[in-house]
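Colleague: Here you go, one structure.
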Amino acid sequence: MKKGRFGIHGGQYVSETLMNAVNELEEAYEKYKNDPQFNEELAELFNEYAGRPSRLYFAKRMTEDLGGAKIYLKREDLNHTGSHKINNVLGQALLAKKMGKTRLIAETGAGQHGVATATAAALLDMECVVFMGEEDTKRQALNVYRMKLLGADVIPVTSGTATLKDAVSETMREWTKRIDDTHYCLGSVMGPHPFPTIVRDFQAVISRETKQQILEKEGRLPDAVVACVGGGSNSIGSFYHFIEDKDVKLIGCEAAGRGIDTFETAATISTGRLGIFHGMKSYFCQDEDGQIAPVYSISAGLDYPGIGPEHAMLHDTGRAEYVAITDEQAVNAFEYLSRIEGVIPAIESSHALAHVMEIAPKMGKDQIIVVTISGRGDKDVAAIARYRGEDIHE
Ligand SMILES: *Cc1c(COP(=O)(O)O)cnc(C)c1O
């Protein structure tokens, strides 16, 4: 496979100035990825700071209630800062530090990745600037204040639709302007090579642990691994060490929003087409002229108009299956898990849970599903209340 390519997807579609930055990053990553000292330091951050390994929890009541396959929850919601994002951020921040960088910049949509990056910057004593669509800064005022508490500057982005895709574009522009002391800590398995590979490797800790944990608990591999897909980092991390195990079904759940037959959707595999954007070739939601289309989902963490190039390949080859889950299905799953297991999942993760609720009853009692709970749902409580017609003051 050619460098940075996933089938026909991936690549490095960036300006000459950015080429220097991505080349420098690639070289550094090649040097450190197998360096024992680097990996020891990262393992210590994962374990002592982020709280890894995360639990693989047998959801007994949910399993009994649905009456089919045994369901295990991979609890990334229990990590420090409340989601899987910390895995990637600690890896990249440590790498940046080794490269002699003193400043981290990042894009954020709902603010989850921005908070994780600001956290790592505080821990490793680095400067931090987070770019966030102006619309999103209004919707997520609490996370903006959180980032400021952690010592980060938050810059509202007013271009385009003033949301996540514009924040990514602005962060790339900022990186072009200041490469010497700055690392762009990208939040998902997207963008130009080497980001999709780097982010996947740091998130692969999820499936590395899952495999060991399920073998300990069940003595065999699961029949299916299910995870939600925005850019695709928690899902690729959940899939990675099972890709070679052909009997393990891999299922990604994208956000259908109000439905894939409406314009208010973020389901890239179901509705997107091949294109080049943000430095990579992959599938993107586009209008008939090939312009990137505005996307919508109740879940701010899933409303990105593209999908990581490795997922695009796994879709092309049929190794992974992608399904679209509506707002309504996700909200039902959010409420269901809260009541039945006492675990309030992120609305993003609820998309994966909704699919598990569909397939588990149709599977045998001897079969096993692992579903990744990518984050905790505290941040979503007010939005879900609003969806149900109740106005609680945040
Ligand atoms: C950001 C986020 C996602 C979506 O990002 P991926 O890169 O697709 O994992 C999913 N769940 C949670 C909790 C998030 O914060």
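Colleague: Could you give every pair whose Cβ atoms fall below 9 Å, whose first residue belongs to segment 55-67 and is touching a residue at least 12 places away in the same chain (Cβ under 8 Å) and of a type in the set (Lys, Arg), and whose second residue is surrounded by 16 or more Cβ atoms within 10 Å (Cβ to Cβ) and not in a strand (DSSP E or B), counting only separations of at least 6 or pairs across chains?
Modeller: Partner pairs satisfying both residue conditions: 55/78; 55/213; 61/340; 61/341.
Colleague: Name the residues in segment 158-206 that are more than 16 Å from the ligand (Cβ to nearest atom), touching a Gly at 6+ places or on another chain (Cβ under 6 Å) and without any contact (Cβ under 8 Å) to a residue 60 or more places away in the chain, would you?
Modeller: Result: 162, 166.
Colleague: With the condition being away from the ligand (no atom under 14 Å from the Cβ) and closer than 23 Å to residue 357 by Cα, I'd like the strands (runs of 3 or more DSSP E) fully within segment 251-347 carrying at least 3 qualifying residues.
Modeller: Working: elements: 273-277, 280-284, 320-326.
Because the criterion is at least 3 residues that are away from the ligand (no atom under 14 Å from the Cβ) and closer than 23 Å to residue 357 by Cα, the strands (runs of 3 or more DSSP E) in segment 251-347 that meet it are 320-326.
Colleague: Still on this model: From the residues in segment 112-152 that are within 21 Å of the chain's Cα centre (by Cα) and of a type in the set (D, E, K, R), which one is farthest from the ligand (Cβ to nearest atom)?
Modeller: 135
Colleague: Using the structure shown, decide if residue 101 is buried (at least 18 other Cβ atoms within 10 Å of the Cβ), among the basic types (Lys, Arg), over 22 Å from residue 4 (Cα atoms) and away from the ligand (no atom under 16 Å from the Cβ).
Modeller: Numbers: buried (at least 18 other Cβ atoms within 10 Å of the Cβ): yes; among the basic types (Lys, Arg): yes; over 22 Å from residue 4 (Cα atoms): yes; away from the ligand (no atom under 16 Å from the Cβ): yes.
For residue 101, the condition - buried (at least 18 other Cβ atoms within 10 Å of the Cβ), among the basic types (Lys, Arg), over 22 Å from residue 4 (Cα atoms) and away from the ligand (no atom under 16 Å from the Cβ) - is met.
Colleague: Could I ask something else about it? What residue, of 230, 237, is part of a loop (DSSP other than H, G, I, E, B), under 26 Å from residue 92 (Cα atoms) and within 17 Å of the chain's Cα centre (by Cα)?
Modeller: On the way: 237 fails: part of a loop (DSSP other than H, G, I, E, B).
Result: 230 is the single residue among 230, 237 that is part of a loop (DSSP other than H, G, I, E, B), under 26 Å from residue 92 (Cα atoms) and within 17 Å of the chain's Cα centre (by Cα).
Colleague: Restricting attention to segment 348-362, report how many residues are within 16 Å of the ligand (Cβ to nearest atom) and not small (Gly, Ala, Ser).
Modeller: Here is the first cut: in segment 348-362, the ones within 16 Å of the ligand (Cβ to nearest atom) are 348-356.
Adding the requirement that they be not small (Gly, Ala, Ser) leaves 348, 351, 353, 355-356.
Total satisfying the criteria: 5.
Colleague: Which of the residues belonging to segment 275-286 are free of Cβ contacts under 8 Å to residues at least 24 places away in the same chain and farther than 13 Å from residue 165 by Cβ?
Modeller: none
Colleague: Might you check whether a residue that is surrounded by fewer than 18 Cβ atoms within 10 Å (Cβ to Cβ) and of a type in the set (D, E, K, R) occurs anywhere in segment 65-72?
Modeller: Yes, there is a match, as at least one residue in segment 65-72 is surrounded by fewer than 18 Cβ atoms within 10 Å (Cβ to Cβ) and of a type in the set (D, E, K, R).
Colleague: Right, next: Only one of these is assigned to a helix (DSSP H, G or I), aliphatic (A, V, I, L, M) and in contact with a helix residue (DSSP H, G or I) (Cβ under 9 Å, 6 or more places away or on another chain): 199, 154, 189. Name it.
Modeller: Working: 154 fails: assigned to a helix (DSSP H, G or I); 189 fails: assigned to a helix (DSSP H, G or I).
After applying the criteria, what remains is 199.
Colleague: Separate question: Only one residue in 129, 144 is surrounded by fewer than 23 Cβ atoms within 10 Å (Cβ to Cβ), in a strand (DSSP E or B) and in contact with a strand residue (DSSP E or B) (Cβ under 7 Å, 6 or more places away or on another chain). Which one?
Modeller: Working: 144 fails: in a strand (DSSP E or B).
Just one listed residue meets the conditions, 129.
Colleague: Pairs please, first residue from segment 73-99 and under 24 Å from residue 370 (Cα atoms) and free of Cβ contacts under 8 Å to residues at least 60 places away in the same chain, second anywhere and hydroxyl-bearing (Ser, Thr, Tyr) and in a helix (DSSP H, G or I), Cβ atoms under 8 Å, 6+ apart in sequence or on different chains.
Modeller: These pairs meet every condition: 80/49; 80/119; 81/119; 86/119.
Colleague: If you take the residues of segment 287-332 that are within 17 Å of the chain's Cα centre (by Cα) and among the hydroxyl-bearing types (Ser, Thr, Tyr), which of them is nearest to residue 345 (Cα to Cα)?
Modeller: Out of the qualifying residues, it is 299.
Colleague: Considering each of 252, 275, 301 in turn, give the residue that is crowded, with 24+ Cβ neighbours inside 10 Å and in contact with a Phe, Trp or Tyr (Cβ under 8 Å, 6 or more places away or on another chain).
Modeller: Details: 275 fails: crowded, with 24+ Cβ neighbours inside 10 Å; 301 fails: in contact with a Phe, Trp or Tyr (Cβ under 8 Å, 6 or more places away or on another chain).
Every option except 252 fails the conditions.
Colleague: Checking residue 209 against (1) farther than 17 Å from residue 103 by Cβ; (2) over 17 Å from the mean Cα position of the chain (by Cα); (3) in a loop (DSSP other than H, G, I, E, B), which test does it fail?
Modeller: (3)
Colleague: Scan segment 358-382 for residues that are crowded, with 20+ Cβ neighbours inside 10 Å and either of a type in the set (D, E, K, R) or assigned to a helix (DSSP H, G or I) (or both) and report the count. It would help to see each step written out before you state the result.
Modeller: Residues of segment 358-382 that are crowded, with 20+ Cβ neighbours inside 10 Å, as a first pass: 360, 368-377, 379-380.
Remaining after also requiring either of a type in the set (D, E, K, R) or assigned to a helix (DSSP H, G or I) (or both): 360, 376, 379-380.
The qualifying residues number 4.
Colleague: Looking only at segment 336-362, count every residue that is closer than 22 Å to residue 254 by Cα and either of a type in the set (A, V, I, L, M) or touching an Asp or Glu at 6+ places or on another chain (Cβ under 8 Å) (or both) and tell me the total. Walk me through it before giving the result.
Modeller: First, the residues of segment 336-362 that are closer than 22 Å to residue 254 by Cα: 336-338, 343-362.
Subset that is either of a type in the set (A, V, I, L, M) or touching an Asp or Glu at 6+ places or on another chain (Cβ under 8 Å) (or both): 337, 343-347, 349, 351-354, 356-357, 359-360.
Selection size over segment 336-362: 15.
Bear in mind these aren't lab numbers, they're just calculated from the coordinates by the rules spelled out. Model, not experiment: these values are computed from the prediction. When we count neighbours, we look across all protein chains shown, and the Cβ atoms used for this are built from the backbone with ideal geometry, even at glycine.
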